[in-house]
Amino acid sequence: MIRAKVYIGMMVFLFILVSIFGNNSICRAEVVRIGFVTAGNAVNDNSFNGMTIAGLRRLQRDFQVEVLVRSGGYVVESVRQAILSLLKENVRIIVTNSATVEGRFAEIALDYPNVVFVLNDCNIEGYPNVVSIDYAQEMGSYLVGALCAWQTKTGKVGFIGGNEMPVIKGFLNGFLQGVRFSGRDIEVDVKFVRRGNSEKGFEDPKQANALAMGMYNSGVDIIYAVAGLAGNGVIQAARKTGNQVVGVDSNQDHMAKGVVLTSMMKRLDVAVYKEVRSILTGTFAPGCKVYNLGNEGVGLTEMKYSKHLVAPEVLDKLEKLRNDLISGNVKVEPSAE
């Protein structure tokens, strides 16, 4: 029954897609409404949600689109309600940053076959009106781990995650493997702002600051902060103690010049722009898309304010490692969990 419904939905969707957007390009006379559902409540977090907003703003510049934003909150039901609220506004495309919706998405996608859904940090296939984007954060984090291990002066580095959900464990897995790849005997301190899958950990800079201060006072001199808005608390602690931090998702290097060693950018701006553009121009293909080092889906910043603090031989090793990860000469192993 489900397969039949998906097949029927696919035929209906393809017909609607052609009628709305044409074979090759959007009808510019019509303003297309795009809905965006945030992860958590903070829209301008200078991180995960902020990168998506950057991609949506670029779409507004390049196409005739209107963007409506809703807070996804912290639980599946609040995300679902945010999506339903947007559907009442006659949106044609919905972008969501909340991976919590993944388990219950079928009921929404199948009930609204004329709406295209773009899901970040999800892996969903089999729906004609859904594209899910899987980011290879473990690849970028591998680079971070190696860089931190080569750069630390104390032999102790740290990792602070917003919570323990699988995507954050992916960051941690890549980071730990990168530390091991460095060839140095490095101690790694791992902590989470919230235990379990509570998304509130991404919006608690006070707790993140307390964890970071404890790490820095124990001898850690570089922390990889994978905590969204809460990462601002880690940056504050690094500035106060004279240590360093690695930012995440967006380019956070400017937030504390020279204190932020680099940022592991998760290019939601690039992915969202490309996928929504494909819908607007009639070249959309559903399914799961992977954005990695090779297609600029993830990657480190150019270290505009800190490159002078890194030895040339370390920069050379980092670039070689990046190329080896792209070519497959170095592979990130799956997590043991």
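The values are calculated or read from the model by the stated rules, or taken from the named source; none is laboratory data. All values derive from a computational prediction rather than experimental measurement. FYI the Cβ positions are ideal-geometry reconstructions off the backbone, even for glycines, and counts take in every protein chain you see. Each accessible area value is taken on the protein alone, full model and side chains, heavy atoms only, with ligands, DNA and RNA left out. Shrake-Rupley method; radii C 1.70, N 1.55, O 1.52, S 1.80 Å.
Here is how the numbers come out for the structure above:
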{"item": "Complete set of residues in the stretch 220-237 that are without any contact (Cβ under 8 Å) to a residue 40 or more places away in the chain and either buried (at least 24 other Cβ atoms within 10 Å of the Cβ) or assigned to a strand (DSSP E or B) (or both)", "result": "Ile235, Ala237"}
{"item": "Cβ pairs under 9 Å, 6+ apart, first in the stretch 285-306 and more than 18 Å from Val131 (Cβ to Cβ) and open to solvent by 40 Å² or more (accessible area, probe 1.4 Å), second assigned to a strand (DSSP E or B) and not aliphatic (A, V, I, L, M)", "result": "Glu302/Thr262; Lys304/Lys257; Tyr305/Lys257"}
{"item": "Flag for Leu309 being within 14 Å of Gly140 (Cβ to Cβ), at pLDDT 95 or above, surrounded by fewer than 22 Cβ atoms within 10 Å (Cβ to Cβ) and touching a strand residue (DSSP E or B) at 6+ places or on another chain (Cβ under 8 Å)", "result": "no"}
{"item": "Conditions (1) surrounded by 20 or more Cβ atoms within 10 Å (Cβ to Cβ); (2) within 25 Å of Val330 (Cβ to Cβ): number failed by Arg184", "result": "(1)"}
{"item": "Failed condition for Asp134, given (1) touching a residue at least 60 places away in the same chain (Cβ under 8 Å); (2) open to solvent by 10 Å² or more (accessible area, probe 1.4 Å); (3) not in a strand (DSSP E or B)", "result": "(3)"}
{"item": "Residue match in the stretch 155-167 (condition: within 15 Å of the chain's Cα centre (by Cα), among the aliphatic types (A, V, I, L, M) and at pLDDT below 95)", "result": "yes"}
{"item": "Residues of the stretch 126-147 classified as in contact with a Gly (Cβ under 8 Å, 6 or more places away or on another chain) and either of a type in the set (D, E, K, R) or within 26 Å of Lys206 (Cβ to Cβ) (or both), total", "result": "4"}
{"item": "Sole residue being part of a helix (DSSP H, G or I) and modelled with pLDDT of 95 or more, chosen from Arg61, Arg80, Arg33", "result": "Arg61"}
{"item": "Single residue of Lys257, Lys266, Lys240 found to be closer than 21 Å to Ala136 by Cα and either within 19 Å of the chain's Cα centre (by Cα) or open to solvent by 30 Å² or more (accessible area, probe 1.4 Å) (or both)", "result": "Lys266"}
{"item": "Yes/no for Leu176 being buried (at least 21 other Cβ atoms within 10 Å of the Cβ) and not polar (S, T, N, Q)", "result": "no"}
{"item": "Residues (out of contact with any strand residue (DSSP E or B) (no Cβ under 8 Å at 6 or more places or on another chain), of a type in the set (Lys, Arg) and either at pLDDT 95 or above or not in a loop (DSSP other than H, G, I, E, B) (or both)) located in the stretch 185-219", "result": "Arg194, Lys206"}
{"item": "Answer residue from the stretch 119-143, given it is within 13 Å of the chain's Cα centre (by Cα) and among the hydrophobic types (A, V, I, L, M, F, W, C) and is nearest to Thr38 (Cα to Cα) among those", "result": "Leu119"}
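Results for (1) of a type in the set (Val, Ile, Thr); (2) open to solvent by 30 Å² or more (accessible area, probe 1.4 Å); (3) at pLDDT below 85, shown as yes or no for each residue.
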| position | (1), (2), (3) |
| --- | --- |
| Val75 | yes, yes, yes |
| Leu84 | no, yes, no |
| Lys88 | no, yes, no |
| Val95 | yes, no, no |
| Tyr112 | no, yes, no |
| Asn120 | no, no, no |
| Val130 | yes, no, no |
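Let's see how each residue does on (1) touching a Phe, Trp or Tyr at 6+ places or on another chain (Cβ under 9 Å); (2) closer than 24 Å to Lys317 by Cβ; (3) touching a residue at least 60 places away in the same chain (Cβ under 8 Å); (4) not small (Gly, Ala, Ser):
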{"position": "Met165", "(1), (2), (3), (4)": "no, no, yes, yes"}
{"position": "Arg180", "(1), (2), (3), (4)": "no, yes, no, yes"}
{"position": "Ile186", "(1), (2), (3), (4)": "no, yes, no, yes"}
{"position": "Phe202", "(1), (2), (3), (4)": "yes, no, yes, yes"}
{"position": "Met213", "(1), (2), (3), (4)": "no, no, no, yes"}
